[in-house]
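Each reported figure results from applying straightforward, stated rules to the coordinates on display, with no laboratory input. Quantities reported herein were computed from a predicted structural model and do not represent experimental measurements. All Cβ positions, glycine included, derive from the backbone under ideal geometry; neighbour counts span all protein chains shown.
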Amino acid sequence: MSAHILSRASHCARAHALAALTLFATLSLPGCVDFDDLRVSGDAGTADACAAQCRADAVECFCADFDGPGGIEDGWSFMSAGGGSVSAFVEDVQSAPNAALLTCPGSTTGEIGSAFVVLKRGVQTNARRIRVAGSWKLRPYSRSVVGNFEFFSVALGSSTRVALGEAFAGGSDDAPAFRVGVTYVDSLGSVQTITHPVAAPPTDTTRWVRFELDVTFADDGTGSVHLTWNGSEALALTNVTTSSADAGGPATLSAAIGGGTLQGLTPDLWMLFDDVVVEVY
């Protein structure tokens with residue numbers, strides 16, 4: 001089944017150019033890698049549990065149950081490096097017949113962004129609030145090395161984003177260090193990444209978790225970030241700066257699932273996603 005797009009606005013999603021290499025390098029910090037490549041297509045439909053999650057007050061809603069060929073839905077762009085791949089997975093799903101399996105070998109070089117796998121969906125809009133929610137399963141991995149992973153994110157343009165990741169310093173596998181990074185360019189032109197510790201997601205090889213990341217981007221201290229695991233609050237930030245300087249008007253809001261090595265020598269990464277919804281308000 002292809003991607004479901006419920007549009008409640010007259011505009012349509014458009015392609016957005018890749019960030020300049022200099023900007024990409026600037027943003028390649030923990031919590032702020034930008035894998036930006038937006039392509040849009042798809043058909044309308046609501047006949048599954050995934051699309052039923054679209055909320056009535058959303059301006060746009062994009063739903064993917066990853067039942068298309070190869071696990072990639074229409075309108076979602078696929079990006080990878082260092083051997084990252086996506087495929088349809090049938091053995092363990094939240095809605096039949098498939099989930100999306102994203103795998104990525106660990107980085108052996110330690111270079112920033114050297115190993116990742118990402119599926120991304122974006123829309124050109126005047127709105128500044130975006131919500132991504134979905135079912136996620138993360139296979140446990142060793143934290144005996146030093147590195148940083150990223151798992152999913154939302155972004156406004158190419159200089160503003162909020163991402164869930166984990167930074168581990170080597171040592172105990174029993175010491176997860178998940179965090180949400182809020183990245184923007186401040187009024188002096190400096191990249192700021194403010195990190196907020198969060199509880200580890202309650203997922204492993206045997207357990208799915210329902211995640212939800214809801215972000216309002218604002219450059220005047222009125223922004224917000226909310227993260228939940230299975231409906232329980234993991235992080236709630238209100239009245240915070242979440243955006244680079246914003247003149248308003250049309251801009252690209254996007255959400256990405258998957259991720260990989262931000263930096264460091266990392267272990268292999270294995271994730272399942274199913275029934276993912278991206279909403280714009």
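Electrostatic bookkeeping for residue 128 treats Lys and Arg as +1 and Asp and Glu as -1; over the other residues with beta carbon under 10 Å from its beta carbon, the sum is -1. Taking label points 7 Å from Cα along the Cα-to-Cβ direction, residue 146 and residue 247 give a separation of 4.3 nm.
Under the 0.36 nm per residue contour assumption, what length would be gained going from the current alpha-carbon distance of residue 139 and residue 90 to full extension?
Values: separation 49, 0.36 × 49 = 17.64 nm, distance 1.64 nm.
Between residue 139 and residue 90, full extension yields 16.0 nm more.
Treating r as the C-beta distance of residue 186 and residue 220 and R0 as 22 Å, the FRET efficiency rounds to 0.95. Summing +1 for each Lys or Arg and -1 for each Asp or Glu among the other residues whose beta-carbon sits under 13 angstrom from that of residue 264 gives -2.
Would you mind giving the average projected area, over all directions, of the Cα convex hull of region 155-273 in nm² with one decimal? Can you show the working numbers first?
Values: hull surface 34.0 nm².
If I average the Cα hull's projected area over directions, I get 8.5 nm².
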